[in-house]
Amino acid sequence: MSDPFPGRPQRIAALKEALKQRILVLDGAAGTFIQNYELDEAGYRAERFADWAQDIKGNNDILILSRPDIVDEMHRAYLAAGADVIETNTFSATTIAQGDYAMESLAHELNVEGARLARAAADEFSTDDRPRFVAGAVGPTNRTASISPDVNDPGKRNTDFDELARAYGDAARGLIEGGADALLIETIFDTLNAKAAIYAAQDLFDALGFEVPIMLSVTITDQSGRTLSGQTPEAFWNAVRHAKPLSVGVNCALGPDLMRPYVEELATVADCFVSAYPNAGLPNAFGGYDETPESMTEHLGEWAQSGLLNLVGGCCGTTPAHIAAFAKAADGVSPRKLPERDEKMRLSGLEPFAA
């Protein structure tokens with residue numbers, strides 16, 4: 001089949017060209033924005049889910065269907081702040097993650113409608129000289145293919161590659177149907193989960209007869225410099241480079257003061273564009289985040305000036321004010337140039353290996 005969105009190939013080309021010309025700005029946290037509404041159970045349910053059989057408070061993705069006005073306002077706030085790329089509000093919109101609320105059957109609809117909401121907002125803010133783009137957010141799910149959920153049974157798993165691939169494939173199809181320009185597989189804590197998502201996306205592209213770019217973003221869980229499943233950033237890159245992503249980067253878990261060495265490591269080895277969207281620091285004793293737009297920009301501005309970035313944005317705790325500050329800091333700064341690397345066989349376990 002042909003792409004049902006006639007303008008999407010042109011937008012994808014424009015996205016790739018823009019990344020060569022300047023540092024693009026991603027949006028900020030969805031959860032932080034939504035929390036400002038202080039929604040109770042009834043607030044999450046609204047009219048459509050008034051009679052749902054179990055509690056759904058905290059299911060931010062379901063607001064796509066129950067309170068699309070909030071999601072639309074969020075997209076517009078980040079676009080107005082200067083975001084070039086906005087993410088769909090679909091971080092947990094997989095059949096696996098929605099199982100916590102008995103809403104598995106709504107996962108596909110969530111992705112379609114989430115992409116449509118973001119697409120409409122991005123189109124409204126787009127101009128001929130500055131188009132805005134939609135990244136379909138694909139979160140890691142709440143299960144891991146590499147690690148046991150039971151410390152007493154190291155071999156136990158609560159999911160497998162095939163189940164993950166089915167869930168990711170369904171989400172990706174919905175995001176593309178809704179008009180996303182790219183698939184952003186983000187907050188990757190387990191590389192095997194990411195591989196399932198990549199496999200599902202590429203299998204979907206074969207079925208559709210066209211493709212959209214894949215973007216990847218890994219999370220380094222602590223100062224050990226490794227993912228939850230144990231890989232260093234370079235080892236992770238070696239494990240996913242076959243996907244030929246449009247970008248690879250780091251998000252979540254750490255604030256900008258602690259994230260820099262891992263962004264630099266990817267910027268050194270990755271022969272694609274590099275993104276970074278850190279948290280607003282580590283959570284404080286009250287579960288909040290203390291980094292201000294000004295304090296974060298001191299770090300991110302230096303990263304940009306040092307040639308580490310092609311895309312910059314914010315994760316947990318960041319707001320439109322943060323994104324506005326990042327956009328100002330990145331304005332006029334040359335983007336990172338893609339490195340030329342020698343042809344070698346590059347492998348990965350927990351550590352990288354080249355021969």
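Bear in mind that the values in this text are calculations on the coordinates, not laboratory data. Quick caveat: nothing in here was measured; it's all calculated off a predicted structure. Here the Cβ positions follow ideal geometry from the backbone for every residue, glycine too, while neighbour counts run over all protein chains shown.
Computed over the chain, the per-residue total of -39500 (n - 2.57) for DSSP H runs of n ≥ 4 gives a 222 nm mean residue ellipticity of -13000 deg cm²/dmol, rounded to 500.
Simple point charges give the picture: +1 on the Cβ of Lys and Arg, -1 on the Cβ of Asp and Glu, and for the stretch 37-164 a dipole about the Cα centre of about 180 debye.
Between the listed residues 208, 18, 165, the Cα displaced farthest toward the positive end of the dipole of the chain, a dipole computed from Cβ unit charges relative to the Cα centre, is found at 18. Of all complete DSSP H helices in the chain, those with a Cα span along the helix axis of 24 Å or greater and a mean Kyte-Doolittle hydropathy of -1.0 or more are 107-125, 161-178, 191-208. Once you divide the Cα radius of gyration of the stretch 156-282 by 2.2 N^0.38 Å, the number left is 1.05. Using r as the Cβ-Cβ distance of residue 3 and residue 130, and R0 as 22 Å, what FRET efficiency do you calculate, to the nearest 0.05? So the FRET efficiency works out to roughly 0.45. Packing here is the average count of other Cβ atoms within 10 Å per residue, and on that basis the peptides 129-136, 275-282, highest first, run 275-282, 129-136. Only Cα pairs within less than 10 Å get springs; with that Gaussian network setup on the chain, which residue of 108, 242, 299 has the largest fluctuation? With Cα springs under 10 Å in the chain, the top fluctuation among 108, 242, 299 is at 242. Amide H contacts for residue 87 (H built 1.01 Å from N in the peptide plane; partners 5 or more residues away or on another chain; cut-off under 5 Å): 27, 135. In sequence order, the stretch 345-355 has phi-based couplings of 7, 10, 10, 8, x, 6, 10, x, 9, 10, 9 Hz under the Karplus curve 6.51 cos²θ - 1.76 cosθ + 1.60, θ = phi - 60°, and Gly or Pro positions carry x.
Pair-distance distribution of the stretch 235-355: all C-alpha pairs, bin width 5 Å, starting at 0; shares per bin in whole percent are 2, 12, 21, 21, 18, 12, 9, 5, 2, 0. Listed by chain and number, the lysines whose alpha-carbon sits under 29 Å from that of residue 156, ignoring those within fewer than 8 places in the same chain, are 195. With viscosity 1.002 mPa s and temperature 20 °C, the Kirkwood radius over alpha carbon pairs of the stretch 293-350 converts through Stokes-Einstein to a diffusion coefficient of 162 µm²/s.
Determine the relative contact order of the stretch 8-354: mean sequence separation of Cα pairs under 8 Å and six or more apart, normalised by residue count, in whole percent.
Relative CO of the stretch 8-354 lands at 19 percent.
The share of Cα pairs per 10 Å bin across the stretch 144-183, counted from zero up to the longest distance, runs 29, 32, 24, 14, 2 percent.
Full extension of the chain between residue 16 and residue 69 gives 16.0 nm of extra length, using 0.36 nm per residue less the Cα-Cα distance. Look at 353, 205, 91 and count the other Cβ atoms within 10 Å of each Cβ; fewest to most, that gives 353, 205, 91.
Placing unit charges on each Cβ (+1 for Lys and Arg, -1 for Asp and Glu) gives the stretch 8-354 a dipole about its Cα centre, and among 231, 187, 97 the Cα reaching farthest toward its positive end belongs to 231. Our note on the geometry: Cα centres of the stretch 265-282 and the stretch 21-54, 26 Å apart.
Computed over the chain, the P(r) curve from all C-alpha pair distances, binned at 10 Å from the origin, holds 6, 26, 36, 26, 6, 1, 0 percent per bin. Here residue 344 is the anchor, and the aspartates and glutamates within straight C-alpha reach of less than 20 Å, apart from those fewer than 8 places off in the same chain, are 234, 265, 271. A straight line joining the Cα centroids of the stretch 295-355 and the stretch 121-178 runs 22 Å.
Amide H to amide H distances under 5 Å link residue 144 with 158, where only residues 5 or more positions off or on other chains count and H is placed in the peptide plane.
Full extension of the chain segment joining residue 158 with residue 347 gains 65.3 nm, where the gain is 0.36 nm per residue of separation less the Cα-Cα distance. Treating each Cα of the stretch 67-152 as one equal point scatterer and applying the Debye formula with no solvent, the log10 of I(q)/I(0) at q = 0.11, 0.15, 0.19 Å⁻¹ comes out as -0.38, -0.62, -0.84.
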